[in-house]
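K.L.:
Shown below is the structure under consideration.
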Amino acid sequence: MSDISSEAPSFITRFRESDLWYNFKRSPGAMIAAFLTFIIIFGAVFANFVAPHNPFDLATVDLFDGLLPPAWEADGKATYLLGTDDQGRDVFSTILYGSRISLIVGFASVGFAAVLGITVGLISGYAGGMVDSFLMRVADVQLSFPAILIALLIDGIARGIMPREVHDELAVYVLVVAIGLSFWVQYARTVRSSVLVERNKEYVQAGQVIGLPDWIILIRHILPNVMGPVLVIATIQLALAVITEATLSFLGVGVPPTSPSLGTLIRIGNDYLFSGEWWITIFPGVALVVLVLSGNILGDWLRDAVTPTLRV
């Protein structure tokens, strides 16, 4: 009887020995982007502890501290590092809390779009025939409209159906649905293309021969083999979702001012930009640019790492 001297390597060990980690260590741009993304996400998640002020607690907001410049300028205060807005709220704290809302909308809308798009792509590619033609024609029609217009249409319908108070309470959910319904097509078309290749392979035919239900073949066998491109799309679309949410909020159809995202903060500060209070809109804008740029760099790196044939 032989003794087993070694155990199976852990997930962390296998990850550190993988090509993905090796490529990550060789990409300074991806490492910097990952670090900046981590800092922003950490600050947003733990804003209650990191932020020096709670900008939405009226008991701590003083209107006499409104429109204060950053701390390094002559009239600035050390307690307000990046200055204050017109209501006396600390800009640095509002950026942290606003980033939380932007990231919640971004992650939730990407997750919703991914689930919807993957489901449509699996059904379309596996069923084929009339089902495939119908679903892909629906996708083609949606691709003919910009995502921002679709999101505006869905939000406008929601505003027409719901009372104003109810819409303000459900504004985040409406944004998630609106952005998610704008982005599902990319997942559906990518998954469909992969399923068309996978469904003719031997392991799928073997499952059909032994009588496995189609949904088990799709979920347990085909889906894991098409997730690589989906992860790349999700990484890139997270940045697009944050940009779309910021655009909608800047246009005044996003989250209400009582719980502003980065787009809402930029819109509020835009009213004071030409009167000299530049910090109210510039700093949230910089935070948005850093978040989106870091997400795009990570998405490009992940695409090259997962699909090296697409590298340029």
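K.L.:
Give the residue that is farthest from P257 (Cα to Cα), with candidates limited to residues of region 75-91 that are surrounded by fewer than 22 Cβ atoms within 10 Å (Cβ to Cβ) and in contact with a Leu (Cβ under 8 Å, 6 or more places away or on another chain).
P.N.:
Across region 75-91, the extreme among qualifying residues is D75.
K.L.:
How many residues are under 23 Å from A234 (Cα atoms), of a type outside the set (S, T, Y) and either within 15 Å of the chain's Cα centre (by Cα) or open to solvent by 60 Å² or more (accessible area, probe 1.4 Å) (or both) when one looks only at region 154-173?
P.N.:
Residues that pass the stated criteria total 1.
K.L.:
Kindly indicate which of V131, V138, V176 is under 30 Å from P260 (Cα atoms) and β-branched (V, I, T).
P.N.:
Details: V131 fails: under 30 Å from P260 (Cα atoms); V138 fails: under 30 Å from P260 (Cα atoms).
Going through V131, V138, V176 in turn, the sole match is V176.
K.L.:
Within region 80-107, which residues are more than 26 Å from the chain's Cα centre (by Cα) and part of a helix (DSSP H, G or I)?
P.N.:
Scanning region 80-107 gives no hits.
K.L.:
Something else now. Might you let me know whether region 205-214 holds any residue that is touching a helix residue (DSSP H, G or I) at 6+ places or on another chain (Cβ under 7 Å), closer than 22 Å to L298 by Cα, open to solvent by less than 10 Å² (accessible area, probe 1.4 Å) and assigned to a helix (DSSP H, G or I)?
P.N.:
Checking region 205-214: not a single residue is touching a helix residue (DSSP H, G or I) at 6+ places or on another chain (Cβ under 7 Å), closer than 22 Å to L298 by Cα, open to solvent by less than 10 Å² (accessible area, probe 1.4 Å) and assigned to a helix (DSSP H, G or I).
K.L.:
Follow-up question, since we're still on this one. Go through (1) under 21 Å from Q186 (Cα atoms); (2) crowded, with 19+ Cβ neighbours inside 10 Å; (3) basic (K, R) for R137 and report which single condition fails.
P.N.:
Unmet condition: (2).
K.L.:
Sort through P256, P284, P229 and tell me the only one that's outside any helix (DSSP H, G or I) and either touching a residue at least 60 places away in the same chain (Cβ under 8 Å) or buried (at least 21 other Cβ atoms within 10 Å of the Cβ) (or both). Talk me through it step by step, then tell me what you get.
P.N.:
On the way: P284 fails: outside any helix (DSSP H, G or I); P229 fails: outside any helix (DSSP H, G or I).
Result: P256 is the single residue among P256, P284, P229 that is outside any helix (DSSP H, G or I) and either touching a residue at least 60 places away in the same chain (Cβ under 8 Å) or buried (at least 21 other Cβ atoms within 10 Å of the Cβ) (or both).
K.L.:
Which pairs turn up if I take residues in region 108-135 that are farther than 19 Å from V177 by Cα and look for partners that are not in a helix (DSSP H, G or I) with beta carbon separation below 7 Å, at least 6 apart in sequence or on another chain?
P.N.:
G125/R199; Y126/R199
K.L.:
Residues being closer than 18 Å to L248 by Cα and open to solvent by 40 Å² or more (accessible area, probe 1.4 Å): count how many of those fall in region 140-153. Spell out how you get there, then give the answer.
P.N.:
First, pick out the residues of region 140-153 that are closer than 18 Å to L248 by Cα: 145-153.
Filter again for open to solvent by 40 Å² or more (accessible area, probe 1.4 Å), leaving 145-146, 148-149, 152-153.
Matching residues across region 140-153 total 6.
K.L.:
Quick one: count up the residues across region 16-47 that are over 18 Å from L262 (Cβ atoms) and either open to solvent by 80 Å² or more (accessible area, probe 1.4 Å) or in a loop (DSSP other than H, G, I, E, B) (or both).
P.N.:
12
The values are calculated or read from the model by the stated rules, or taken from the named source; none is laboratory data. Quick caveat: nothing in here was measured; it's all calculated off a predicted structure. Reconstructed Cβ throughout: ideal geometry from the backbone, glycine too, with neighbour counts over all protein chains shown. With ligands, DNA and RNA removed, areas are computed over all heavy atoms of the protein, side chains included. Shrake-Rupley method; radii C 1.70, N 1.55, O 1.52, S 1.80 Å.
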